[in-house]
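Read the structure below first, then the notes.
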Amino acid sequence: MRKRGLASRLRELFGGRFGTEESYEELEELLIEADLGAAMAMRLVDEVRDASRVEAASDHRDLVAILRRRIESTVIERPFVLTPDSLNVVLVLGVNGVGKTTTIAKLADHFRRSGQAQRICLAAGDTFRAAAVDQLSIHADRLGVRIVKQATGADSGAVIYDAIESARNRGEQLVLADTAGRMHTKKNLVEELAKIDRIVATRAPDAVYRKLLVIDATTGQNGLQQAEVFSGAVKIDGIVLAKYDATARGGILVPIAEKLGIPAVFLGTGEGYTDIRPFRAGDYAMELVSP
Ligand SMILES: Nc1nc2c(ncn2[C@@H]2O[C@H](COP(=O)(O)OP(=O)(O)O)[C@@H](O)[C@H]2O)c(=O)[nH]1
Ligand SMILES: [Mg+2]
């Protein structure tokens with residue numbers, strides 16, 4: 001794991017000249033740059049300032065510990081495991097290019113490797129672009145899992161429903177459904193999502209049905225806006241933070257948890273199938289602030 005940019009800069013900042021008004025301002029900027037959000041950054045700086053006053057803490061490790069504790073207690077960790085002996089349906093949502101299709105392939109591999117599901121079906125619910133169906137098909141071939149797809153332009157809800165029906169008939173344990181992430185109008189996206197959600201919920205009431213939202217760690221505060229839009233349309237059960245390896249930022253899970261109360265469930269750490277790991281609040285907070 002590459003070093004977070006924030007960590008080394010904190011060390012610099014805390015090394016020697018900490019306690020001046022200028023250094024507090026700089027700390028606030030660093031936290032905002034790391035995507036923690038302006039409100040959280042301000043609050044964290046106040047806490048660090050108070051602690052420095054009370055304990056006359058000049059040791060940067062004490063201050064880092066305050067930041068770490070606060071970040072750890074703000075993000076929401078919730079294990080995302082499959083329910084055994086049931087049909088699990090996972091709808092993967094997010095705007096274009098965030099990493100949905102890649103995440104689906106990684107999740108198929110993850111659930112199989114961890115012994116949670118052997119019989120898996122991918123649903124090519126991104127029917128908007130031909131390339132999207134092809135991309136998912138290639139993953140299905142490589143992973144040796146079944147795929148349900150239709151021609152480009154088909155109804156996404158129908159593809160996903162077909163996948164669920166056939167998975168149930170075959171006794172499969174997991175359907176991972178791709179979706180289109182186009183966002184040309186917010187209203188259109190919200191309506192489309194709500195429709196797919198209704199189809200799955202009402203026509204597969206026996207399935208253990210959850211929705212994951214993929215956020216791209218390199219897009220900064222935009223990720224919070226995306227989480228607001230999607231969670232306004234359907235209930236989001238967890239966030240997958242993709243491309244966590246590709247940025248020195250990555251703090252966006254903090255404002256998402258704080259403002260929207262959505263748990264984080266996985267971190268995407270590269271382009272390979274095994275580049276995914278369950279989210280752990282303690283590790284995440286440590287990586288964000290510790291040198
Ligand atoms: N470095 C890195 N790249 C990723 C990760 N997840 C996805 N990608 C890349 O991001 C690009 C878009 O991914 P894709 O799954 O097609 O996004 P989608 O449009 O949301 O389905 C591809 O080039 C992926 O290889 C990740 O965790 N780390
Ligand atoms: Mg895709």
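At 1.306 mPa s and 10 °C, plugging the Kirkwood radius over alpha-carbon pairs of the range 127-275 into Stokes-Einstein gives what diffusion coefficient in µm²/s?
Reported coefficient: 95 µm²/s.
What is the range 21-114 by shape, rounded, prolate or oblate, if you read a ≥ b ≥ c off the alpha carbon gyration tensor as root eigenvalues and call it rounded for a/c under 1.5, prolate for a/b larger than b/c, and oblate otherwise?
Here the range 21-114 falls in the prolate category.
Which number do you get for Rg(Cα) / (2.2 N^0.38 Å) in the chain?
Ratio of Cα Rg to 2.2 N^0.38 Å: 1.09.
Which of the helices in the chain meet the span-like rule: DSSP H, Cα axial reach of 24 Å or more, Kyte-Doolittle mean at least -0.5?
In the chain, the long hydrophobic H runs are 38-55, 186-203.
Please count, across the range 88-280, the pairs of lysine residues with Cα atoms under 20 Å apart that sit 8 or more places apart or on different chains.
24
Would you mind telling me the share, in percent, of accessible area of the range 88-280 contributed by carbon and sulfur at probe 1.4 angstrom?
C and S atoms contribute 48 percent here.
Need the C-alpha centroid separation for the range 148-198 versus the range 37-86, integer Å.
37
Could you report the range 39-118's accessible area per residue, 1.4 Å probe, as an integer in Å²?
Spelled out: the 1.4 Å probe surface of the range 39-118, per residue, equals 45 Å².
How far is it, in nm, from the label point at GLN116 to the one at SER8 when both lie 7 Å from their Cα along the line to the Cβ?
A separation of 3.5 nm, rounded to one decimal place.
Would you mind getting the accessible area per residue of the range 133-216, heavy atoms of the protein chains only, 1.4 Å probe, in Å²?
45
Largest first, how would MET40, MET286 line up by accessible area (1.4 Å probe)?
Ranked from most to least accessible, the order is MET286, MET40.
Run the simple label-point estimate for VAL208 and ASP50 please: 7 Å along Cα→C-beta, distance reported in nm.
4.1
The values are calculated or read from the model by the stated rules, or taken from the named source; none is laboratory data. Fair warning: this is a prediction, and the values are worked out from it, not measured in the lab. Quick reminder, even Gly has a Cβ in these numbers, built from the backbone with ideal geometry, and neighbours come from all protein chains shown. Accessible surface areas use protein heavy atoms only, side chains included; no ligands, DNA or RNA. Shrake-Rupley method; radii C 1.70, N 1.55, O 1.52, S 1.80 Å.
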